[in-house]
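A short worksheet on the structure shown next.
The values are calculated or read from the model by the stated rules, or taken from the named source; none is laboratory data. Note that this is a predicted model, so its numbers are computed, not measured. Ideal geometry is used to build each Cβ from the backbone, glycine not excepted, and the neighbour counts take in all protein chains shown.
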Amino acid sequence: TSFKKTDILILLPVLFVSGMFVLNALPFLYSSTRVAGLVIYLLLLTWMLWRGLCMFNTNSFPKAKILAVAIGALLFYITDLLAIACVVFEDKTLIKYIWVVYPPALILLLWSSVKSLKLR
């Protein structure tokens, strides 16, 4: 989709959440390489979620596909935050939540990319 000025308003809350996650994780990261890796990966992840949510500002696709992209991107973002938190904070109890969120994220993103599903 093409960039619109209103897309910046969608970016700000996503950047805020990612930034807060990094700030909370910093005390647990013991090397500058890990900090850089986390920041770069979260920037890419933020970009993915932002562009997925920006689909709401377009009429180029059917509403069901737009919803699938937006929800799929959000669930994927949540999945990755949970996976990173599981490793950084050494909290293995988060694994069960990852597996609750991850399959629907993949299914929605897959479904959003298929032009038509014809089952025979």
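Does Thr93 meet the test of being assigned to a helix (DSSP H, G or I), farther than 17 Å from Pro13 by Cβ and either at pLDDT below 95 or not acidic (Asp, Glu) (or both)?
yes
For the structure I just gave you, tell me whether Thr46 is hydroxyl-bearing (Ser, Thr, Tyr), surrounded by 13 or more Cβ atoms within 10 Å (Cβ to Cβ) and part of a helix (DSSP H, G or I).
Yes; evaluated as a whole, the condition is true for this residue.
Scan the stretch 47-64 and report the pairs whose first residue is at pLDDT below 85 and whose second residue is surrounded by fewer than 14 Cβ atoms within 10 Å (Cβ to Cβ) and not small (Gly, Ala, Ser), with Cβ atoms within less than 9 Å and a gap of 6+ or a chain change.
Qualifying pairs under 9 Å: Asn57/Lys4; Asn57/Thr6; Thr58/Lys4.
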